[in-house]
Amino acid sequence: MELKKILIGIDGLKAKGNLDIEVSGLESNSKNVKEGYMFVAIKGFATDGHKYINDAIKAGAKVVMVQEGCNLKEIDLTEDVTLIMVKDTREALAKCSCNFYENPSRKFKLIGITGTKGKTTTTFMVKEILEKAGHKVGLIGTIATYINGKIMSESSRTTPESIELQRIFAEMVNQGVEYVVMEVSSQSLKLHRVDGCHFDIVAFTNFSEDHISEKEHPDMEDYFNSKLKLFNMCDNGIINVDDLQVSKVPKMYPESRIMTYGIDNACEVLAKDITITNSYVDFRVKVSDRNERVKVSIPGRFSVYNSLAAICVAKKIGIPSDKVIEALADIRVPGRSEMVPNKKEIPIMIDYAHSPESLQNILSAVKSYTRGKVISVFGCGGDRDTSKRQIMGEISGRIADYTFITSDNPRTEDPDAIVKEIEKGIKKTNGKYKVIVDRTQAITEAIEMATKLDIIVLAGKGHEPYQEINGEKHPFDERIIVNEIIG
């Protein structure tokens, strides 16, 4: 594509060199640059892409985009290489990516789901509903990218970088996808990954403390404002009125067409007569134009909220109520309240709960219907918000009958230091607990302790098939580990 076309919509750019040249690809990683590419230097948290500009040129880059303030003297610029300078290379990269792939998000209906919790489950519910209605669907999220029911790739982050995102969208267009439902993280909104996308519907599930760190959000205000950016990209919204912070959105966007859902407060889509068991939830709600009973094969009150968000999407689109009811009855989401079949027939649940509120929700949910003990096995990730560690320790000590404090993804932190911080919280309670840093050993002892009347909650890792230690991802699929221990 001609460079001029790629740069459409980027204000205040400065250029040196030929703008009429053809560009064969975009890249922000110098290792992936090929002949005729445009390299965009991104200043990241761990490294600065400007340091690798000369490597990109050697690899064949014919266009280099840099951010204002960089040291141009360090660039070995040849006559056949065009230099573009912009105020923000992340923002420019998103716009360039949309242009390069010919704005694929305008060629299907794009549905964005944001919120502290519930994004993954809600996107899977919407995907299932649309597929039951006979539509070709793409899904992008924390677990994987799906195209027409098949996994295209595993995910390394909730929302891909802008180049990768637009490439995926283009592939979905090629495969005839009609609807794309995607998780939209606050980080992706803050870092301009979804800039230029055309959203048809957006939903905000809930808001609570999470992702507060040097590498994510400095405070809750920044976290909330980042999520609100999604409503600036779409005037067709869905919000949870039972969440105090999210319920403010309609007044903040009075011109938007916002549909509301909830359980406790007046709204358009209200769940009534709720029944929660250890294997499903059942409730009454107006799905289309009449009240229907809806059964969802994921237990917990939070499952009702996720279902309501998905029902709102279905109502906006006009999906028949029978397809909605059928889809929700069959729904299964990897690592979200996922029960692990095993020879001992011990109830063992894997859940991605990795924040204080999500841990409290899952433990409280299983406590309400478990006849025996609730055995909690959890840790906290390294290089992430440290303030939540004591809080989560206190939550588990207060709700669970027994807690195994263990390792999660320590990343570059010392696992022993992390569990000691969690332990400070659990000591504030009378909860029984044991510290076992080795996660496999912790799961083993939990299984040895449990009976068929109990339930073990393996919280934190969910769908992840690995454990990240010192920058390396080691195989760690809890489904496999559970059955190896029992087998």
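The values are calculated or read from the model by the stated rules, or taken from the named source; none is laboratory data. Just so we're clear, the structure is a prediction, and the values are computed from it rather than from any experiment. Glycine gets a Cβ as well: all are built from the backbone with ideal geometry, and neighbour counts include every protein chain shown. What goes into the accessible areas is simple: the full protein's heavy atoms, side chains included, and nothing from ligands, DNA or RNA. Shrake-Rupley method; radii C 1.70, N 1.55, O 1.52, S 1.80 Å.
One equal scatterer on each Cα of segment 277-379, no solvent, Debye formula: the resulting log10 I(q)/I(0) at q = 0.19 Å⁻¹ is -0.96. With the simple model of a label 7 Å out from the Cα in the direction of the Cβ, ASN342 to GLN441 spans 1.8 nm.
In segment 248-310, what GluC sites (Glu not before Pro) fall in a loop by DSSP, with at most 15 other Cβ atoms inside 10 Å? Walk me through the numbers on the way to the answer.
Details: sites: GLU255, GLU268, GLU292; in loops: GLU255, GLU268.
Filter output for segment 248-310: GLU255, GLU268.
Relative to 2.2 N^0.38 Å, what does the C-alpha radius of gyration of segment 343-404 come to as a ratio? Two decimals please.
Details: Rg = 12.1 Å, N = 62, 2.2 N^0.38 = 10.6 Å.
In units of the globular-protein estimate, segment 343-404 measures up at 1.14.
The Cβ shell under 11 Å around THR440 holds other residues with a net charge of -3, Lys and Arg each +1, Asp and Glu each -1. Across q = 0.10, 0.14 Å⁻¹, the chain modelled as identical point scatterers on its alpha-carbon atoms has Debye log10 I(q)/I(0) values of -0.81, -1.37, in the order of the q list.
Stokes-Einstein diffusion for segment 337-487, with the hydrodynamic radius set to the Kirkwood value over Cα pairs and evaluated at 20 °C in a medium of 1.002 mPa s, equals 143 µm²/s.
Please report, as a whole percent, how much of the solvent-accessible surface of segment 257-398 comes from carbon and sulfur atoms (probe radius 1.4 Å).
On the way: 2670 of 5800 Å².
Ligands and nucleic acids excluded, carbon and sulfur reach 46 percent.
In straight-distance terms, cross-link reach from LYS323 covers every one of the lysines whose alpha-carbon lies under 29 Å from its own, apart from those fewer than eight places away in the same chain; here that gives LYS107, LYS109, LYS117, LYS119, LYS127, LYS132, LYS136, LYS150, LYS272, LYS286, LYS295, LYS315. Where both bridge residues fall in the chain, DSSP classifies roughly 35% of the beta bridges as antiparallel.
Mind listing which GluC sites (Glu not before Pro) in segment 45-119 are in a DSSP loop and have 15 or fewer other Cβ atoms within 10 Å? Counting only loop positions with at most 15 other Cβ atoms within 10 Å, the GluC sites (Glu not before Pro) in segment 45-119 are GLU68, GLU79, GLU102. Counting charges near GLU468 (Lys, Arg +1; Asp, Glu -1) among other residues having Cβ under 13 Å from its Cβ returns a value of +1.
The label-point distance for LEU19 and SER156, in a model that sets each label 7 Å from Cα toward Cβ, rounds to 3.3 nm.
Could you calculate the FRET efficiency of GLN175 with ASP401 from 1/(1 + (r/R0)^6), where r is the beta carbon distance between them and R0 is 56 Å, rounded to 0.05?
Working: r = 49 Å, r/R0 = 0.87.
Efficiency, rounded to the nearest 0.05: 0.70.
For the pair ALA46 and GLU326 in one chain, pulling the backbone fully straight at 0.36 nm per residue adds 96.2 nm over the alpha carbon distance. The lysines within cross-link reach of LYS343, meaning a Cα-to-Cα straight distance under 26 Å and a gap of 8 or more places when in the same chain, are LYS367, LYS373, LYS434, LYS452, LYS461. Solvent-accessible area per residue in segment 323-411 equals 35 Å², computed with a 1.4 angstrom probe and all protein chains kept. Applying D = kT/(6 pi eta Rh) to segment 151-295, where Rh is the Kirkwood radius over alpha-carbon pairs, T corresponds to 37 °C and eta to 0.692 mPa s, the Stokes-Einstein value obtained is 188 µm²/s.
At 1.4 Å probe size, put THR275, THR82 in order of accessible surface, largest to smallest. Walk me through the intermediate numbers first.
Details: THR275 65, THR82 5 Å².
Ranking THR275, THR82 by accessible area, largest first, yields THR275, THR82.
If you average the C-alpha positions of segment 57-120 and of segment 1-45 separately, how far apart do those two centres end up, in angstrom? When both Cα centres are located, 7 Å separates them. Loop-located trypsin sites (Lys or Arg not before Pro) in segment 405-487 (DSSP state other than H, G, I, E, B) with a sparse environment of at most 15 neighbouring Cβ atoms within 10 Å: LYS427, LYS428, LYS452.
Return the Rg/Rh value of segment 126-195, two decimal places, where both radii are evaluated on C-alpha atoms and Rh is the Kirkwood radius. Each step should come with its number before you reach the end.
Details: Rg = 11.7 Å, Rh = 12.2 Å.
My calculation puts Rg/Rh at 0.96.
If you add up the charges near GLU22, with Lys and Arg at +1 and Asp and Glu at -1, over every other residue whose beta carbon is less than 14 angstrom from its beta carbon, what do you get? Around GLU22, the charge tally is 0.
The label point for LYS251 and the one for THR277, both projected 7 Å from the Cα toward the Cβ, are 4.2 nm apart.
With R₀ set to 30 Å, the beta-carbon distance separating LYS452 from ARG301 gives a calculated FRET efficiency near 0.75. Think of segment 283-414 as a dipole: +1 on every Lys or Arg Cβ, -1 on every Asp or Glu Cβ, centred on the Cα centre; then among VAL304, ILE362, ILE346, VAL304 lies furthest on the positive end.
Entry comment: accessible area of segment 54-132 is 39 Å² per residue, from protein heavy atoms only and a probe of 1.4 Å. One decimal place: the segment ASP383-GLU472 gains 30.6 nm when fully extended, by the rule 0.36 nm per residue minus the C-alpha distance.
Every Cα-Cα pair in segment 414-464 was counted, and those over 12 Å apart are 73% of them. The distance linking segment 342-376 with segment 385-415 is 15 Å (Cα centroid to Cα centroid, whole angstrom). Each pair of Cα atoms in segment 54-158 enters the Kirkwood radius, and Stokes-Einstein at 4 °C and 1.567 mPa s then converts it into a translational diffusion coefficient of 75 µm²/s.
Amide H contacts for MET65 (H built 1.01 Å from N in the peptide plane; partners 5 or more residues away or on another chain; cut-off under 5 Å): PHE39, VAL40, ALA41, ILE84.
Here's the picture: charge each Lys and Arg Cβ at +1 and each Asp and Glu Cβ at -1 in the chain, and of ILE426, LEU189, ILE168 the one pushed furthest to the positive end of that dipole is ILE426. Accessible area per residue (1.4 Å probe, heavy atoms of protein chains only) ranks MET349, MET259 as MET259, MET349, with the largest value leading.
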